[in-house]
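Trainee: Once you've had a glance at the structure underneath, I'll fire off some questions.
The values are calculated or read from the model by the stated rules, or taken from the named source; none is laboratory data. The structure presented is a predicted model; accordingly, all values stated were derived computationally and were not measured. Ideal geometry is used to build each Cβ from the backbone, glycine not excepted, and the neighbour counts take in all protein chains shown.
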Amino acid sequence: MASLPIKPNSAWNVEEVTAYLAATQNPLRLSVMSGKRPLIVPLWFLHDDAGLWCASKRDSFIVRKIRAQHGCGFDISDNTIPYRGVRGQGTVAIVAGDGERVLRQLIDRYLPNPESEFARWLLAGVDQEVAILIEPAWLSAWDFSARMRKLNAVEGDRQPG
């Protein structure tokens, strides 16, 4: 994904963003509009040169919303200190013929045992899966590691001891 559209004020360069996307197992939080309000849905993801890929049932609420519009926001971030991640905006589309391929890759990426009962349950409905492709218009990373190290040092100084 060397052509990632990284914003100039991003905390990470393209190589660092690519490495983070490859390493993290945090879900992608996809945001689309649902009427007058935003809807945020966490989804497993993977990335390649085409963009960010997710999967969902073809009749799911998020898929219906994507079919009605093509703009989105997304966030992939850590939920624990030191808080860091990637966010962006782009276009989102349904790719019906790639649902099984993407679901199988997601299972391999996220589940420690791709032969587990949960994996078999997911694959039992594979004929209903569609792929979701997010093509980023821009990405920006943030990384609060340095700030959190300073906070931890100050908090450590306050510890009785």
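Trainee: Going by what's in this entry, would Glu100 be described as acidic (Asp, Glu), more than 30 Å from Asn9 (Cα to Cα), surrounded by 13 or more Cβ atoms within 10 Å (Cβ to Cβ) and at pLDDT 95 or above?
Mentor: yes
Trainee: Out of the residues in region 150-160 that are of a type outside the set (A, V, I, L, M, F, W, C) and either surrounded by 12 or more Cβ atoms within 10 Å (Cβ to Cβ) or assigned to a loop (DSSP other than H, G, I, E, B) (or both), state the one that is modelled with the highest pLDDT.
Mentor: Per the stated criteria, the residue is Asn152.
Trainee: Next question, about the same structure. Restricting to region 7-33, count the residues that are of a type in the set (Ser, Thr, Tyr) and in contact with a Ser or Thr (Cβ under 9 Å, 6 or more places away or on another chain).
Mentor: 2
Trainee: Picking from Asp98, Asp127, which residue would you name as being out of contact with any His (no Cβ under 8 Å at 6 or more places or on another chain), farther than 24 Å from Val32 by Cα and not in a strand (DSSP E or B)?
Mentor: None of the others qualify; the one that does is Asp127.
Trainee: Kindly check whether there is at least one residue in region 1-14 that is in contact with a strand residue (DSSP E or B) (Cβ under 6 Å, 6 or more places away or on another chain) and closer than 21 Å to Pro112 by Cα.
Mentor: Within region 1-14, none of the residues are in contact with a strand residue (DSSP E or B) (Cβ under 6 Å, 6 or more places away or on another chain) and closer than 21 Å to Pro112 by Cα.
Trainee: Could you list all residues from region 44-69 that are under 15 Å from the mean Cα position of the chain (by Cα) and either of a type in the set (Ser, Thr, Tyr) or part of a helix (DSSP H, G or I) (or both)?
Mentor: Those that are under 15 Å from the mean Cα position of the chain (by Cα) and either of a type in the set (Ser, Thr, Tyr) or part of a helix (DSSP H, G or I) (or both): Ser56, Ile62.
Trainee: Sticking with this one: Can you work out which of the residues in region 1-49 that are in contact (Cβ under 8 Å) with a residue 60 or more places away in the chain and loosely packed, with under 13 Cβ neighbours inside 10 Å is nearest to Cys72 (Cα to Cα)?
Mentor: Lys7
Trainee: Here is a further query. Please enumerate the residues belonging to region 1-43 that are outside any loop (DSSP other than H, G, I, E, B), farther than 25 Å from Ala68 by Cα and among the aliphatic types (A, V, I, L, M). I'd like the intermediate steps shown before the answer.
Mentor: Of region 1-43, the ones outside any loop (DSSP other than H, G, I, E, B) are 6, 14-23, 28-34, 37-43.
From the residues that got through so far, the ones that are farther than 25 Å from Ala68 by Cα too are 6, 14-23.
Passing the criteria: Ile6, Val14, Val17, Ala19, Leu21, Ala22, Ala23.
Trainee: Same structure, new question: Could you pull out the residue among Ile81, Ile66, Ile134, Ile76 that is surrounded by fewer than 18 Cβ atoms within 10 Å (Cβ to Cβ) and under 30 Å from Asn9 (Cβ atoms)?
Mentor: Going through Ile81, Ile66, Ile134, Ile76 in turn, just one is surrounded by fewer than 18 Cβ atoms within 10 Å (Cβ to Cβ) and under 30 Å from Asn9 (Cβ atoms): Ile81.
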